1. Using a cut-off of 26 Å between alpha-carbon atoms, which lysines can reach residue 265, once sequence neighbours fewer than 8 places away in the same chain are excluded?
2. Restrict the search to the stretch 248-280; then list the trypsin sites (Lys or Arg not before Pro) that DSSP places in a loop and that have at most 14 other Cβ atoms within 10 Å of their Cβ.
3. Say a paramagnetic label sat at a point 7 Å from the Cα of residue 134, along Cα to Cβ; which residues of the stretch 279-321 have their backbone N under 16 Å from it?
4. Quick one: if you stick a label point 7 Å off each Cα along the C-beta vector at residue 28 and residue 80, how many nm between them?
5. For the chain, state what percent of all Cα-Cα pairs lands in each successive 20 Å bin, counting from 0 Å until the bin that includes the largest distance.
6. So if a site counts as exposed when it's one of the chymotrypsin sites (Phe, Trp or Tyr not before Pro), its DSSP state isn't H, G, I, E or B, and it has at most 12 other Cβ atoms within 10 Å, what's the longest stretch of the chain without one?
7. Starting from the Cα of residue 328, move 7 Å in the Cα-to-Cβ direction to define the label point; list residues of the stretch 210-224 whose amide nitrogen is under 14 Å from there.
8. Which whole-Hz ³J(HN,Hα) couplings does the stretch 307-320 yield from phi under the Karplus relation 6.51 cos²θ - 1.76 cosθ + 1.60, θ = phi - 60°, glycine and proline marked x?
Amino acid sequence: MLVIYAVVLFLTCVLQFESASSESEDNLIFVSVVFRHGNRAPLVHYKNDPHKHNFPDGVGQLTKIGKANMYHKGKVLRQMYDGFISRNYREDELYCTSTTIDRTLMTAQLVLAGMYPPSDSYHHFEPHLSWQPIPVHEDSPDKSFIFGHGHLCPRYSQVFYEQINRTTETLKEQGDIEEMLPYCATHCGEELKTVADLGLLVDALKSEVADGLELPSWVANYYDPTLLGFLDLLMNVIVKTTEQKRLITGPLLKQIIDNMISKSKRKLNPDRNMVLYSGHDFSILGLLGSITKSEKMMPQPEFGASLNIELYRTQDDDHIVKVKYLRSFKDDDPQDISIPDCGTPCHLEKFAQITQYVIPENWEAECHSNSHDDDSINHAAPLGNNRPD
């Protein structure tokens, strides 16, 4: 009896080992990392802002804290993918692209600096400088539309402001914003008409808090969760409809999928392992919304958050996709994102199929469909035409 028990126990252990080994045999072959830039100055300074002189580099620019955080983000990515990417930068292994904004270009440089400190004498060209130059490629709007460039898309702007006006009216009817708009307008010294105006004000406050500055006394009792909730609402309005996702997220998701398909067929040229995209909060929100198809309101991604889309090759030469979310610049314990209607594991072919609904056939044509010039739409945001990012 003991012999039989021992044999059964042995076989059970063998099967468990083989199962675990099978799971570990999936080989990571390609990663797309889309990250939000680091801490920045407010996009706009409201009239009564007590901290407007605390940002000497100007509105929207990376702060000292933001620079340090994104350098650390690079170290986190190095730790996650060390061995998958070489210690020394190789152009045929990694490619980095960015939107054409100072803060995203600088963020990309900082992330790369954290990922690729000089590791030998050949790359250590200055004895007291632990840094080496690595190229960052601009996503030029006149040549490619990887990041959507919503501000250059007339149809997107039209739908965005329609959604802003509709959402504002709904909130007023429900009484959720009726008192908050005039209260905040009185204290900040600006005219606030819509949820976009209020969202930009809260975004300025949030940026200042993230940089260690104190909230003005008039807003302290309403900041969390009331005002932060309005900012999250604005963020979700940016990528609310399927059409908005197609216009502002579709081109980026299309390139990510095209790269994975080429990699799976061993046709990616150059045969890179990783592509980095230095983008914005709406870059991540749009991807999350498109992949999860969730209609729930999602919080604004923090500075330095990233969405890592990984491609694995199985023992059977099949290909599966895993999506991981790092919630901040220092997060090194990614959250696995569930992909509805794709199964577990999620096969690449199925992933491409279920996200096809947000991939535009012709981005430029869709951007100019049913659009019109309407000054009443463009005046929806007195604080400026900026969107939190």
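Every read-out reported here was derived from the displayed coordinates using simple, explicitly stated rules and does not represent laboratory data. Just so we're clear, the structure is a prediction, and the values are computed from it rather than from any experiment. Counting neighbours? That spans all protein chains shown, and the Cβs are built from the backbone with ideal geometry, glycine included.
1. 254, 322, 324, 350
2. Passing both the DSSP loop test and the Cβ count: 265, 266, 267.
3. Inside the label zone: 279.
4. Result for the modelled spin labels: 0.8 nm.
5. Here the calculated profile for the chain is 26, 53, 19, 3, 0.
6. Value returned for the longest uninterrupted segment is 126-389.
7. Flagged as within label range: 210-212.
8. 10, 9, 9, 10, 10, 10, 9, 8, 4, 8, 6, 8, 9, 10
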